[in-house]
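Let me give you the structure first, and then I'll get to my questions.
The values are calculated or read from the model by the stated rules, or taken from the named source; none is laboratory data. Note that the structure is predicted; figures quoted are calculated from it, not measured. Positions of Cβ are generated from backbone atoms using ideal geometry, with glycine treated the same way; all protein chains shown enter the neighbour counts.
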Amino acid sequence: MTAHPVRIFLLGLVNFSILLYALHRLLGSATNQFFFSRRARIRKEMLASVMDLRKSRAMSAQSRANYDSLPKDMAARRAAVLAQCRVECSLIEDDARRRAEYMIESSKRQAGEEQAKAGRRLRTRLVSRAFEIANEKLKRASAATPMRRYLEQGLEALSRAMT
């Protein structure tokens, strides 16, 4: 009894069909759910990818616009910085000019004060020397007179008052 190859094939086909039916009955809903959930997940991922692509294109367009407007912005900022710098430089120059004028005036005033002090010291020395000379002449002229003592006291009082 040898089996005929077609019969073996048909029995194998029936056996395979029974196996598929049994698997379909036992695992049918789980496999359907697996494949449908996979499709749904793939759809969600595709939609998310499309949304990400749109966002990326929008960001790219915005970045391109920003990049294209960058020279204008830089020129405007540069002009603003230069204007601010000019204002600050003029303020610094004005302040330096005022300080220089103040220093010059202060130096002139100090020089005038020093000159006045030197003049007073010179006058005091000249007056003191004049009193000394007058005192010596009076001593020679009136060596023995009692007036001499009064003159010396008066000259000393005057010289103390002058210094």
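Every residue, every condition in (1) of a type in the set (G, A, S); (2) free of Cβ contacts under 8 Å to residues at least 60 places away in the same chain; (3) farther than 30 Å from L155 by Cα, yes or no:
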| position | (1), (2), (3) |
| --- | --- |
| D68 | no, yes, yes |
| P71 | no, yes, yes |
| I92 | no, yes, yes |
| A96 | yes, yes, yes |
| R109 | no, yes, yes |
| A118 | yes, yes, no |
| V127 | no, yes, no |
| F131 | no, yes, no |
| E136 | no, yes, no |
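For the stretch 81-88, check the following and say yes or no: at least one residue is loosely packed, with under 10 Cβ neighbours inside 10 Å and part of a helix (DSSP H, G or I).
The initial filter retains those residues of the stretch 81-88 that are loosely packed, with under 10 Cβ neighbours inside 10 Å, namely none.
No: zero hits.
Quick check on A118: is it part of a helix (DSSP H, G or I), hydrophobic (A, V, I, L, M, F, W, C) and either in contact with a Leu (Cβ under 7 Å, 6 or more places away or on another chain) or modelled with pLDDT under 75 (or both)?
Details: part of a helix (DSSP H, G or I): yes; hydrophobic (A, V, I, L, M, F, W, C): yes; either in contact with a Leu (Cβ under 7 Å, 6 or more places away or on another chain) or modelled with pLDDT under 75 (or both): no.
In short, no.
Please determine, by comparing only the residues of the stretch 10-30 that are surrounded by 10 or more Cβ atoms within 10 Å (Cβ to Cβ) and among the small types (G, A, S), which one is modelled with the lowest pLDDT.
G28
Which one of A130, A96 is out of contact with any helix residue (DSSP H, G or I) (no Cβ under 7 Å at 6 or more places or on another chain), at pLDDT 90 or above and among the aliphatic types (A, V, I, L, M)? Explain how you work it out, then say what you get.
Values: A130 fails: at pLDDT 90 or above.
That would be A96, the only listed residue that is out of contact with any helix residue (DSSP H, G or I) (no Cβ under 7 Å at 6 or more places or on another chain), at pLDDT 90 or above and among the aliphatic types (A, V, I, L, M).
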